[in-house]
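What follows is a set of notes on a single structure, which appears directly below.
The values are calculated or read from the model by the stated rules, or taken from the named source; none is laboratory data. Quick caveat: nothing in here was measured; it's all calculated off a predicted structure. FYI the Cβ positions are ideal-geometry reconstructions off the backbone, even for glycines, and counts take in every protein chain you see. To get the accessible areas, we keep the full protein, side chains included, count just its heavy atoms, and leave off ligands, DNA and RNA. Shrake-Rupley method; radii C 1.70, N 1.55, O 1.52, S 1.80 Å.
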Amino acid sequence: MGRLDGKVALISGAARGQGAEEARLFAEEGAKVILGDIEHEEGQRVAQEVGGIYVPLNVAKEADWIAAVAVAEEKFGALHILVNNAAILRRAPIEDCTLEEYEQVIAVNQTGVFLGIKSAVRLMKRTGGSIVNISSTAGIRGPANNVAYVASKFAIRGMTKVAANEFAKYGIRVNSVHPGLIETPMIDPFFDDEAIRTFAARQLINRLGTSREVAEMVLFLASDASSYSTGAEFICDGGVTTGNRP
């Protein structure tokens, strides 16, 4: 028996990185997976690999979310799991961050999560289920030179708790996951090998995390194994929020 047998899952940002790994793991565990992204070629390739369905999904557009949820309803008649995974990273000090850059990050990372929850719950209320919002350790602490990203990831913590309160009566659990520095394409433009080594050496577990490790935590929250957890924050960061290696 797979841990997600009989479940239908929608994952945003599923064409690569953490989202693609979540799609692979969910499919391995028996879920029917709908993969949303704006990277159409990569998204279709991963969907074919896992036996899922790819849908074009710009998370900042409500119409795209409505269409993605409609696919779940039309193809499977239900939606049990939503993973709000899509995100972008723009790094800049407050004084150098343009309004355009700030709003771009907020549109994807924050508004995208809001629209995902808002669009999915209509269908999820029929059966109950689990919403997993991918935040970050940047949503726990406030690293410099990341104002837009930090603001968006803190917002996800708050939205998670509001949604947990509002939807508990429908049997919908809502939790957030807070990865640290994970080996994904998103970090490549911002961290060279030396910066990664320096960062990782200071952690209690002195290496970067993998997408699979994050996916395993997301799977736990998506599955019935976490049936008594809602409105909570789950950290997957090698200990970086706890302290630095002596």
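If you build the convex hull over the alpha carbons only and average its shadow over all orientations, what do you get for segment 109-246? Give it in nm² to one decimal.
Working: hull surface 34.9 nm².
With the hull built on Cα positions only, its mean projection is 8.7 nm².
Could you work out how far the C-alpha centroid of segment 1-54 sits from that of segment 60-119, in angstrom?
That distance is 17 Å.
Near the amide H of Ile172, under 5 Å away, which other amide H atoms are found, from residues 5 or more places off or on another chain, if H is placed in the peptide plane?
Placed amide hydrogens put Gly129 under 5 Å from Ile172.
Modelled label-to-label distance, Asn206 and Glu103, 7 Å Cα→beta-carbon offset: nm?
Each label point lies 7 Å from its Cα, and together they span 4.6 nm.
Return an integer: the convex hull volume of the alpha-carbon atoms of segment 207-246, in Å³ per residue. Intermediate results must be reported in sequence, preceding the final value.
Working: hull volume 3.2 nm³, N = 40.
Hull volume normalised by residue count: 80 Å³.
With an 8 Å cut-off on Cα pairs and a minimum separation of 6 or more residues, tell me the relative contact order of the chain in percent. Spell out each step's value before the answer.
Numbers: 523 pairs, mean separation 47.5, N = 246.
Over the chain, the number comes to 19 percent.
Given the -39500 (n - 2.57) contribution per DSSP H run of 4+ residues, what per-residue ellipticity at 222 nm results for the chain, rounded to the nearest 500 deg cm²/dmol? Can you show the working numbers first?
Details: 8 runs with 100 residues, N = 246.
So the helix-based figure for the chain works out to -13000 deg cm²/dmol.
Taking a probe of 1.4 Å, how large is the accessible area per residue of the chain, in Å²?
Working: 11390 Å² over 246 residues.
So the chain comes to 46 Å² accessible per residue, rounded to a whole number.
Report the Cα-based extents of segment 84-135 along its three principal axes, largest first, to the nearest Å.
47, 15, 12
With unit charges on the beta carbons (Lys and Arg positive, Asp and Glu negative) and the dipole taken about the Cα centre of the chain, which residue among Val177, Gln18, Gly209 sits farthest to the positive side?
About the Cα centre, the residue reaching furthest to the positive side is Val177.
What's the long-distance tail for the chain, i.e. % of Cα pairs beyond 34 Å?
On the way: 3485 of 30135 pairs.
Cα-Cα pairs of the chain separated by over 34 Å account for 12 percent.
Relative contact order for segment 37-177 using alpha-carbon pairs under 8 Å, separation at least 6, rounded to a whole percent? Please report the intermediate quantities before stating the final value.
Numbers: 222 pairs, mean separation 35.2, N = 141.
Here the relative contact order equals 25 percent.
From the C-alpha gyration tensor of segment 4-101, pull out the three semi-axes of the equivalent ellipsoid (sqrt of 5λ each), sorted largest to smallest, in whole Å. Can you show the working numbers first?
Numbers: eigenvalues 147, 43, 26 Å².
In descending order the semi-axes read 27, 15, 11 Å.
Please compute the Cα-Cα pair-distance distribution of segment 80-188 with 5 Å bins starting at 0, giving whole percents from short to long.
2, 13, 23, 22, 17, 11, 7, 4, 1, 0
Enter the angle in degrees (range 0 to 90, nearest 10) between the Cα long axis of helix 147-167 and the first principal axis of the Cα atoms of the chain, meaning the one along which they spread out most.
30
Hey, got the dipole for segment 21-81? About the Cα centre, +1 on K and R Cβ, -1 on D and E Cβ, debye to the nearest 20? Don't skip to the end; give the middle numbers.
Working: 5 positive and 13 negative charges, 41 e Å.
Dipole magnitude for segment 21-81 comes out near 200 debye.
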